[in-house]
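Colleague: Would you mind keeping the following structure in view while I ask a few things?
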Amino acid sequence: MTTYLDNAATTAVCSEAATAAFNIMNNCYGNPSSTHTLGRASKAILDDSRKSIASVFGCTPAEIFFTSCGTESDNWAILGALHVNRRVGKHIISSTVEHDAVRKTLDKLEADGYEITRLDPEADGSVAVSSVAAALRDNTALVTLMAINNETGGVTDIRAIAKAIKQAGSSALLHCDAVQAFLKLPLKTKTLDADLISISGHKIHAPKGIGALYVKKGINLPPFIIGGGQENGRRAGTESLPLIAAFATAVTTISPTLNKDLAHMASLKKLCVERLSADIENIYFVDSAAVHILSIALPRYKSEVIMNFLEAKEIYVSKSSACKKGGRSHVLEAIGMSSEQIDGAIRIGFSRYSTTADVHALCDGILEASQKLFKVL
Ligand code: PLP
């Protein structure tokens, strides 16, 4: 039996979303931009999907733009915001623990002459509001921070950061990478209060290859992908209707039970911590608020060795971010974990479909691995 506990990397597509995509691929192949009946039928599904996501996210449909993934949303938000605020200046505030979709975009901007302040995180990978407030300058054009860190589960108070930007009288736009936070916190666009918010389908039981960017009304973000007039002229390319409808279906399927699901994931995380701390000597946990991410370290063991042992039992977790492809984690270094801890780090990711049996299978597997495998030191 497969035990999948790598839900921060990606989630299984829920059957409702898969059925929606299948039905559209079979029955609704018109181009939403075509003016004939088939095109209009597709356009109606596109509009309904946008409305469903907007209603759950607490914004207007006109503020939701579909993209190909969270990475595209992040890239577009950052580059677009800098264009909108080009007269404000070339200073950007971010952190040392952002996802590569943000981090590498900022590295490129720095090479192009922008000045980046990369804030150090707290011990859980979140960013303190006070450090953002202290870094604001007259020429700060953009603050870009994630709501939940994808490796540690640290939760940053984006709303308080929005307030601090306003209180400072700053013109900086606020972009939030909410790829890990969307439907993992009971958040709405209005309560988050960021100007731009990135989300992605595959973290919430929709297929891969679909994301969205929330753009607050009044912000005239220029297109990042240039071509036809789709997405109100802001994001060219024929819309992927099956993926968009599946995204909306996943959102409407999982949102009604969100609070119950979050409580369920929190109880699994607690159980996992209780069992592992009872079973394994010297285990280290990152104490973070997100209910779906648990970062642990088994000092003196190599993560790869533990993961291979677990994989042989069809138990799937990850070392850090999947995008790192096994490389060393900049996030775990930034939160001050020792190199010995980083070498033995494992990220566990829960979903609404995870069970206590999954947690017990994982904890049994880790205990067995710790008893059977040779210690590195
Ligand atoms: N931002 C964060 C915090 C993520 O965790 C991820 C994916 O792991 C992304 C952005 C990129 O999203 P996508 O895989 O949809 O491009």
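The values are calculated or read from the model by the stated rules, or taken from the named source; none is laboratory data. What you see is a predicted model; the values in this text were computed from it and never measured. Note that we place each Cβ from the backbone using ideal geometry, even for glycine, and neighbour counts take in every protein chain shown.
Colleague: Quick one: in the range 60-72, of everything that is part of a helix (DSSP H, G or I) and more than 14 Å from the ligand (Cβ to nearest atom), which residue is surrounded by the fewest Cβ atoms within 10 Å (Cβ to Cβ)?
Modeller: Applying the filter and picking the extreme gives A62.
Every residue, every condition in (1) modelled with pLDDT of 95 or more; (2) among the hydroxyl-bearing types (S, T, Y), yes or no:
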site: A147; (1), (2): yes, no
site: T152; (1), (2): yes, yes
site: A162; (1), (2): yes, no
site: S171; (1), (2): yes, yes
site: L174; (1), (2): yes, no
site: A178; (1), (2): yes, no
site: F182; (1), (2): yes, no
site: P186; (1), (2): no, no
site: I197; (1), (2): yes, no
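Colleague: Would you say K325 is within 16 Å of the ligand (Cβ to nearest atom), at pLDDT below 95, basic (K, R) and loosely packed, with under 14 Cβ neighbours inside 10 Å?
Modeller: So K325 fits the description; yes.
Colleague: Report those helices (runs of 4 or more DSSP H) wholly inside the range 225-313 carrying at least 2 residues which are among the small types (G, A, S).
Modeller: Here the list reads 241-254, 258-279.
Colleague: Kindly indicate which of H36, H99, H91 is of a type outside the set (K, R), buried (at least 21 other Cβ atoms within 10 Å of the Cβ) and more than 18 Å from P222 (Cβ to Cβ).
Modeller: Matching residue, one of H36, H99, H91: H99.
Colleague: Considering only the range 176-226, state which residues are of a type in the set (V, I, T) and within 14 Å of the ligand (Cβ to nearest atom).
Modeller: V179, I197, I199, I204, I210
Colleague: Also, I was wondering about something else. Mind telling me which of the residues I346, I335 ends up being within 16 Å of the ligand (Cβ to nearest atom) and either within 20 Å of G154 (Cβ to Cβ) or out of contact with any strand residue (DSSP E or B) (no Cβ under 7 Å at 6 or more places or on another chain) (or both)?
Modeller: I335
Colleague: Would you call F66 within 14 Å of A248 (Cβ to Cβ), hydrophobic (A, V, I, L, M, F, W, C) and touching a Gly at 6+ places or on another chain (Cβ under 8 Å)?
Modeller: yes
Colleague: Residue check: is I346 β-branched (V, I, T), surrounded by 20 or more Cβ atoms within 10 Å (Cβ to Cβ) and in a strand (DSSP E or B)?
Modeller: yes
Colleague: Might you check whether a residue that is of a type in the set (V, I, T), crowded, with 17+ Cβ neighbours inside 10 Å and outside any loop (DSSP other than H, G, I, E, B) occurs anywhere in the range 208-219?
Modeller: So far as the range 208-219 goes, yes, one or more of its residues are of a type in the set (V, I, T), crowded, with 17+ Cβ neighbours inside 10 Å and outside any loop (DSSP other than H, G, I, E, B).
Colleague: In the range 126-155, which residues are in contact (Cβ under 8 Å) with a residue 60 or more places away in the chain and not aliphatic (A, V, I, L, M)?
Modeller: S126, T144, N149, N150, E151, T152, G153, G154 - these are the residues of the range 126-155 that are in contact (Cβ under 8 Å) with a residue 60 or more places away in the chain and not aliphatic (A, V, I, L, M).
Colleague: In addition: For the range 12-48, which residues satisfy the criterion of being part of a loop (DSSP other than H, G, I, E, B) and out of contact with any helix residue (DSSP H, G or I) (no Cβ under 6 Å at 6 or more places or on another chain)?
Modeller: Answer for the range 12-48, where residues must be part of a loop (DSSP other than H, G, I, E, B) and out of contact with any helix residue (DSSP H, G or I) (no Cβ under 6 Å at 6 or more places or on another chain): A12, V13, Y29, S33, S34, T35, H36.
Colleague: A follow-up question, please. Just give me the residues in the range 186-207 being among the aliphatic types (A, V, I, L, M) and part of a helix (DSSP H, G or I), in sequence order.
Modeller: L192, the sole residue that qualifies.
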